[in-house]
Amino acid sequence: MPLDALPCEFLFSITAQTAEKAPVMIGSRVVVTAMSGTFAGPKLNGKVADAAGGDWVTIKADGTMSLDVRLVLQTNDDAAIYMTYTGVGRRNPDGSMVIRTVPRFETADERYTWLNAVQAVAHGTTATGSVTYDVYGLL
């Protein structure tokens, strides 16, 4: 029987800064650096680590975008969590974007290994120089 809604729990909101370095254009692909930002939620809080991270965006002929993102999250209690996701984006008439993604996590820190088994879904929007998502773990 189809579900009317997905069973999930809110994990965190994340805002990543994307304007610190100019994007690189390679044909229909745009590489956007994201090496700073913050995240906060009921189970984990911290910042986007100052490590190689970013978004490899492919712009399709119809204007939609295919996302391929990799970030390192650094929790306030000093755990490193690798976050990767793919997704789709589309432009609104005002130039902002609506984004839908499916994050996965990887960590060796025992306090957060529960994230290794989480399939998440996220929805977000862009603003000038940043992207913000609300991330939910599927139950």
Relative contact order computed over the chain (Cα-Cα under 8 Å; 6+ residues apart), in percent: 23 percent
Report the one residue of ASN45, ASN76, CYS8 whose Cα lies farthest in the direction of the positive end of the charge dipole of region 8-138 (charges on C-beta: Lys and Arg +1, Asp and Glu -1; origin at the Cα centre). CYS8
If amide H atoms are modeled at 1.01 Å from N in the peptide plane, then the residues at a separation of 5 or more from SER36, or on another chain, having amide H under 5 Å from its own are GLN17
The distance between the Cα centres of region 92-131 and region 1-65, in whole Å, is 6 Å
Lys and Arg at +1, Asp and Glu at -1: add these up for the other residues within a Cβ distance under 13 Å of GLY63 and post the number. +2
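Compute the projected area of the convex hull of the Cα atoms of the chain, averaged over all viewing directions, and report it in nm² to one decimal place. If you can, show how the numbers build up before the last one.
Numbers: hull surface 38.1 nm².
Convex hull of Cα atoms, orientation-averaged projection: 9.5 nm².
Read the figures in this text as sums done on the coordinates, not as results from a lab. Given the structure is predicted, the values throughout are model-derived calculations rather than measurements. Using ideal geometry, Cβ is built from the backbone for each residue, glycine included, and neighbour counts are taken over all protein chains shown.
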